[in-house]
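The structure appears right after this line, and notes come after that.
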């Protein structure tokens, strides 16, 4: 068990290293540099050259990468070109909003997908199943930027039930926190929920077709007990896997929805960093996103051992 | 038993991993939010809700105040608060209300006294002596002195600081404080536009040395302006409160201002219509008509010195031929472009400077959509099957629209336009490297004609990316730079402008209106020609 965790953590470190190389290479492949962006539209060439030199941007790319890496290994992710503030602080101040939206959206997704998925699997082929399948198809297909604007126009402008955009921290006002969270969480949650519904349905369907379910039916167990004791426990593993992936995806920030709802999350930060070629902030944000993703995967793997007694990690 | 132990081990593992995630999130460096974090919640109540935020403000006694807290929506988030280092409009919207300059543009964009009360110019025009305003206090309580101005200007001049605005001091030899109330600026050539250079823009703000020394300038700016900085966070935006010691007696009226960033234009307007915010910074031109018919919203516009243009790469054939450039300049229809890109909220212009400006001169040599003459010019130049690669950026979507309209217009003279739409940072790099047949953008915030022409059209100009070189224009621009007689100076610029336009160095298109909108409760605000956002005279009637 401990050995397994240690091995996985080493893999995580290697993966992060790979991610940092890819991000570094990609952002240097596109034209433009942060100094030009920071200076705006009008400046003297002398100032530009001096800033480029001071930021080390005139050095060979490999040297730039290794100097960043050696600092990163000591926990120093550098300073944002754009704001002049430490990258760690810039990324951390975005986390509360990101985590709030991720779990809010996941909550919406689970509330919809678990019951709907189970019912449509159990009643597979029924009208209800068709309606649920069609609805989830719609949910996956509707673009989030359009849906978001529609919710704002309906619930904020026309009905005045909810604020159109913005984020209020829980500490400031729990009630306003919830009110501001509803629309973005629903926008994202409906999409995640539609994806999850299909996975829940197919996982439960598969478990329903197993021999032990036939056996259980043969020995006369009531259907509800079969679902609870035999089907669901076996369906959990694929479902938990997909939930983990969805959560990892959501914790990386949802760029379009964050822009529409003026949500101060990681996605918007990463978007601005790309636009401004703010290398250090982008590296910091992407490393955090990758780290969360990998850690959630690890948690999911460990959950397998809990959910399925046959799974053992040595 | 074995099974149970397995589960326990798994749980311990899960808890360990979660703990690691938690420490990874919370660990590392301490986040320094300054004093700001403490006061944020107290000042703003329910985020962007004007009614709650206003209620917590205390009414101050005799000198105005008691005006509530205005919630202003801006299209982007400020990047930093050091006025000498930021180039972001969102930052300047805030800093406009926190800092002062030595002199400042009035509503008519003529320079007026601000921190300097008066000034004199030596007979050789090389020494300017400024008298400081008495009784001005920094937001931290310290008295403002001339040494603060000398410090600020020398900081901008210091190449190690990397202030983009150093170019505005091109003719400045030295800046020294003679005594607490007197500042002397020595020049290496007469500089008739010195006032515009040192005060036309908040990038030239006067700052106190102490916030540079302690490193708080980017997180907690301290100025002499009408509002004091309170806090900034990505969620709450920027919170400002009234400066009771502001040097303009009785101002400001508001208790405070909160800036919130709302990037999507539709959502920003929805926030205005639902009353979540009182004021929005810019209105997309296509929305003006529907907003103006909405009695719940006030829309205001003003035209300033901004202009939209495109330029052909004179380092490439056949655009080095002036007749080819002229052919293109006369084949287009500026009214059509203006209507398509700005829905009429702009004035077509073949010159850079708009009518109404002191420096305006009617120069319009080109007919509109003169396809016959344009085709003749191209034929004479021996140009056939011309294709122009047009560099535009969807970060400024009007450039894409304009290129599409121009593409259709130039098709009439057999010229093909290939539109290359890139992000703005790529655009800037391509422009600087000369990687274009034509590029299109706008210049904003210009006040003095030197800003309009020198960097763009002088053969040594830093932004002459189109490669224009006309010795006559060079000598006119050099002479106008040092001409102290206003009338003679204008005559020089009129001549230079006529040449620039006739040579189609830039092909000017139009001057756009600056547009803002607010709720009817807001009074005492007007859109300015330089797009500066100032709330010192604004009131909120509740």
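None of the figures in this text is laboratory data; all of them are computed from the coordinates on show. Bear in mind the structure is a predicted one, so any value in this text is a computation, not a measurement. Virtual Cβ from ideal backbone geometry, glycine too; neighbours counted across all protein chains shown.
Using only the alpha-carbon atoms, how far is helix A:266-275 inclined from the longest principal axis of chain A? Give it as 0 to 90 degrees, nearest 10. The two axes meet at around 40 degrees. Debye-formula intensities of the range B:230-286, expressed as log10 I(q)/I(0) at q = 0.17, 0.29, 0.31 Å⁻¹, are -0.69, -1.16, -1.23 (one equal scatterer per alpha-carbon, no solvent). For the range B:335-395 versus the range B:408-486, the inter-centroid distance based on Cα atoms is 14 Å.
DSSP beta bridges confined to the range B:307-513 are antiparallel in about 55 percent of cases.
Equivalent-ellipsoid semi-axes for chain B (Cα gyration tensor, √(5λ), whole Å, largest first): 43, 33, 24. Taking the alpha-carbon centroid of each part, what is the distance from the range B:96-125 to the range A:67-101 in angstrom? The two parts, judged by their Cα centres, are 40 Å apart.
As a test, work out the antiparallel percent of DSSP beta bridges whose residues both lie in the protein assembly as shown, rounded to the nearest 5. Bridges in the protein assembly as shown that DSSP calls antiparallel: roughly 75 percent.
Of the peptides B:351-359, A:294-302, B:244-252, the ranking by mean beta-carbon count within 10 Å, highest at the top, reads A:294-302, B:351-359, B:244-252.
Modelled this way, with points 7 Å down the Cα-to-C-beta line, the labels at residue A:71 and residue B:323 are 5.7 nm from one another. Working ranking of peptides B:395-406, A:261-272 by packing, defined as the average number of other Cβ atoms within 10 Å per residue, highest first, is A:261-272, B:395-406.
Shielding value for A:41-54 is 6, the average number of Cβ atoms from other chains within 10 Å of each residue's Cβ. Rounded if a/c is under 1.5, else prolate if a/b is larger than b/c, else oblate: which is the range A:185-298, with a ≥ b ≥ c the root eigenvalues of its Cα gyration tensor? Note, shape of the range A:185-298 comes out prolate. Oblate is the label for chain A, because the ratio a/c of its alpha-carbon gyration tensor axes (a ≥ b ≥ c) is 1.5 or higher and a/b is not greater than b/c.
When the P(r) is computed for the protein assembly as shown, the part past 46 Å accounts for 33% of the Cα-Cα pairs.
DSSP bridge analysis restricted to chain B gives an antiparallel fraction near 75%, rounded to the nearest 5.
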